[in-house]
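One structure is given below, encoded as structure tokens.
The values are calculated or read from the model by the stated rules, or taken from the named source; none is laboratory data. Computed from a predicted model, the values in this text were never measured in an experiment. We place every Cβ from the backbone using ideal geometry, glycine too, and count neighbours over all the protein chains shown. Only protein heavy atoms, including side chains, enter the accessible area calculation; ligands, DNA and RNA are left aside. Shrake-Rupley method; radii C 1.70, N 1.55, O 1.52, S 1.80 Å.
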Amino acid sequence: MKTMRSDFPILNQKINGQQMIYLDNAATSQKPQAMINALVKYYQNDNANVHRGIYDLSQRATEQYEQARDKVQTFIHAEKRTEILFTRGTTESLNWLASTYGVDQIKPGDEILLSYMEHHSNIVPWQQLAQRVGANLKYIGLNNDGTLNLADAEQKMTNKTKIVAVTHASNVLGVVNPIKLLAEMAHEHGAIIIADGAQSAPHMAVNVQDMAVDFFVFSGHKMLGPTGIGVLYGKSELLEKMMPAQYGGEMIERVGLHEATFQPIPWRFEAGTPNIAGAIGLGAAIDYLTRIGMADVTKYEHELVTYALSQLKSVPGITVYGPQDSAHHTGVIAFNMSGVHAHDLATALDQEGIEVRAGHHCAQPLMQYLGVAATVRVSFYLYNTREEIDQLIAALKKIKEYFNREFTQFR
Ligand code: PMP
């Protein structure tokens, strides 16, 4: 795939005197000029509130906002446009599910099945729900290579299981989970399945119908879009039965003094003035990704991660967490360097202009499971290059040598 770095103006800058290498794409991605232009164009030419006005400007804003919904529908292959709800992001989508579907459907003694590789945003809302209604949380274990233990999943799914909420791709281990298989298992037990697509939707073709998920959630900002916009996809028959998470303007049909009736889905769930510009920006990001083709994005990132994993082997003292080879690996690699704390390593890399994440990556239960307090994480996207990986590897070798030297001095 042709890398299109010049489409991303932010990449052309120096950090600590070095050309910046941005490797924290799992946290948030950078933005192409086309997406930035879409935001500017909207605010410069088309800004008005949606759904209310009968005047031209409002109709234009409404059209673009609703077009963004169509783009999301096509992008994830949802059956109906009304199955796409705009939220603030993955976190809000999951909180809505716990506080609406969860509160309505989950009874004392019911079980919610998560996995050990979940992001906090796919743990804490379920903990709160479980505490509130007296339900139990269970966790699917992992195999030694960090992949999901499907035998354990099978064993932990019972007729008490009502919700299975699992990440599609791990934000730490680079693992992609077999959601379709888990969906079949969940449905056999009469449970619904929620897939957290925060780390998959930006990097691979997603087909919610083929995976047979009941709900699928993701964030715009990790896939070239703006912050503050995300998606909650839900099967229409489930959404139809769900209470809204918030009440107010835009979502109502008629309001009396003591009661109100609500709009049909999806608008019933979008109370108040929505993030219009955010949705339009997400639409532009989807256009950009679609022009490249998600299959090519995946293929290119796979080449990068294959190269990075092989090169990391040449750096002394590196432990990679998760699968050691790149088969079914996303562009996320978590690792540690012996004798160097993850935070020191990230700080030293920053001195070289290389921006990486260090810490628990909002996955503390996973860190406990792996028996580590923190890791460094590099995560690639379509604008990263092999040359950047070479520079990362050279920097890691230099840092290792430096710490070895400093360490032996004080022995
Ligand atoms: N789930 C996963 C797997 C993630 O990687 C993230 C973001 N790091 C989230 C959920 C939360 O996304 P957001 O902060 O955009 O709501």
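Per-residue extension of 0.36 nm, minus the Cα-Cα distance of Asn143 and Val40, leaves a gain of 32.4 nm for this segment. A Cβ-based charge dipole, computed about the Cα centre of segment 302-411 with Lys and Arg at +1 and Asp and Glu at -1, lands at about 340 debye. Counting only alpha carbon atoms, the long axis of helix 386-409 and the longest principal axis of the chain meet at about 60°. Looking at Val72, Asn275, Leu370, which one has the Cα that reaches farthest to the positive end of the dipole of the chain (charges on Cβ: Lys, Arg +1; Asp, Glu -1)? So the residue we want is Leu370.
What whole-number distance in Å separates the alpha-carbon centres of segment 1-39 and segment 321-363? So the separation of the two Cα centres works out to 20 Å.
Shown here for segment 318-411: chymotrypsin sites (Phe, Trp or Tyr not before Pro) in loop regions (DSSP other than H, G, I, E, B) with at most 14 other Cβ atoms within 10 Å, namely Phe410. So what is log10(I(q)/I(0)) for segment 15-116 at q = 0.20 1/Å, when the Debye sum runs over its Cα atoms only? After summing over all Cα pairs, the log10 values are -1.21.
For the residues Asp287, Asp152, a 1.4 Å probe over the protein chains yields an accessible-area ranking, largest first, of Asp287, Asp152.
Heavy-atom accessible surface of Met294, to the nearest 10 Å², is about 20 Å², with a 1.4 Å probe and all protein chains retained.
Shape of segment 69-154 from its Cα gyration tensor (a ≥ b ≥ c, root eigenvalues): rounded if a/c is under 1.5, otherwise prolate when a/b > b/c, or oblate? Oblate, since a/c reaches 1.5 and b/c is not below a/b. Considering only beta bridges that DSSP places wholly inside the chain, some 60 percent are antiparallel. Computed from the C-beta positions of Tyr369 and Gln155, the FRET efficiency with R₀ = 22 Å rounds to 0.80.
Largest accessible area first, the residues Thr87, Thr227, Thr298 order themselves as Thr227, Thr298, Thr87 under a 1.4 Å probe with ligands, DNA and RNA left out. Filter Lys31/Lys299; Lys31/Lys235; Lys162/Lys235; Lys162/Lys222; Lys107/Lys156 down to the pairs with a C-alpha to C-alpha distance above 27 Å, please. With Cα atoms farther than 27 Å apart: Lys31/Lys235; Lys162/Lys222. Ligands, DNA and RNA aside, Lys180 has an accessible area near 90 Å² when probed at 1.4 Å. Rounded to the nearest 10 degrees, the inclination of helix 124-133 to the longest alpha-carbon principal axis of the chain is 50 degrees. The distance linking segment 144-196 with segment 202-277 is 23 Å (Cα centroid to Cα centroid, whole angstrom).
Net charge in the neighbourhood of Ile15 (other residues with Cβ under 14 Å of its Cβ; Lys, Arg +1, Asp, Glu -1) is -4.
The eigenvalues of the Cα gyration tensor, multiplied by 5 and square-rooted, give segment 336-411 an equivalent ellipsoid with semi-axes of 21, 20, 9 Å from largest to smallest. Surface composition of segment 34-290: carbon plus sulfur atoms contribute 51% of the solvent-accessible area (1.4 Å probe, protein chains only, all chains present). Both radii are taken from the alpha-carbon atoms of the chain; with Rh as the Kirkwood radius, Rg/Rh is 1.00. Taking θ as phi - 60° and the Karplus parameters 6.51, -1.76 and 1.60, the scalar couplings of segment 315-329 work out to 9, x, x, 8, 10, 9, 9, x, x, 7, 10, 8, 4, 6, 9 Hz in sequence order, x denoting glycine and proline. Spin-label pair Ala27-Ala260: with each label point 7 Å from Cα along the Cα-Cβ axis, the two points sit 3.8 nm from one another. Of all aspartates and glutamates in the structure, the ones whose alpha carbon falls short of 16 Å from that of Lys138, not counting any fewer than 8 places away in one chain, are Asp110, Glu111, Glu118, Asp152, Glu154. Average accessible surface for the chain: 42 Å² per residue, computed with a 1.4 Å probe over protein heavy atoms with every protein chain in place.
With all pairs of different C-alpha atoms in the average, the Kirkwood value for the hydrodynamic radius of segment 114-243 is 15.2 Å.
Annotation: Ile354 carries an accessible surface of approximately 0 Å², with a 1.4 Å probe and no ligand, DNA or RNA atoms counted.
Among the chymotrypsin sites (Phe, Trp or Tyr not before Pro) in segment 4-102, those located in a DSSP loop and surrounded by at most 14 other Cβ atoms within 10 Å of their own Cβ are Tyr55.
Axis angle, to the nearest 10 degrees, between helix 294-312 and the longest C-alpha principal axis of the chain: 30 degrees.
Bridging of Lys14 to aspartates and glutamates at a Cα separation below 12 Å is possible for Asp350, Glu352, Glu355, once same-chain residues fewer than 8 apart are set aside.
Accessible surface comparison of Thr100, Thr261, probe 1.4 Å, protein chains only, largest first: the order is Thr261, Thr100.
Less than 5 angstrom separates the built amide H of His329 from none of the residues sequence-distant by 5 or more or on a different chain.
Residue-wise HN-Hα couplings along segment 262-267, as the Karplus relation 6.51 cos²θ - 1.76 cosθ + 1.60 with θ = phi - 60° gives them from phi, are 10, 5, x, 5, x, 5 Hz; Gly and Pro carry x.
Its Cα centre serving as origin, the chain has a Cβ charge dipole (Lys and Arg +1, Asp and Glu -1) of approximately 560 debye. Per-residue Karplus couplings for segment 221-233, computed as 6.51 cos²θ - 1.76 cosθ + 1.60 with θ equal to phi - 60°, are listed in order as 6, 8, 10, 6, x, x, 6, x, 9, x, 9, 10, 8 Hz, Gly and Pro entered as x. Since only Gly109, Gln209, Trp126 are under comparison, the one whose Cα sits farthest along the positive direction of the charge dipole of the chain, derived from C-beta charges on Lys, Arg, Asp and Glu, is Trp126.
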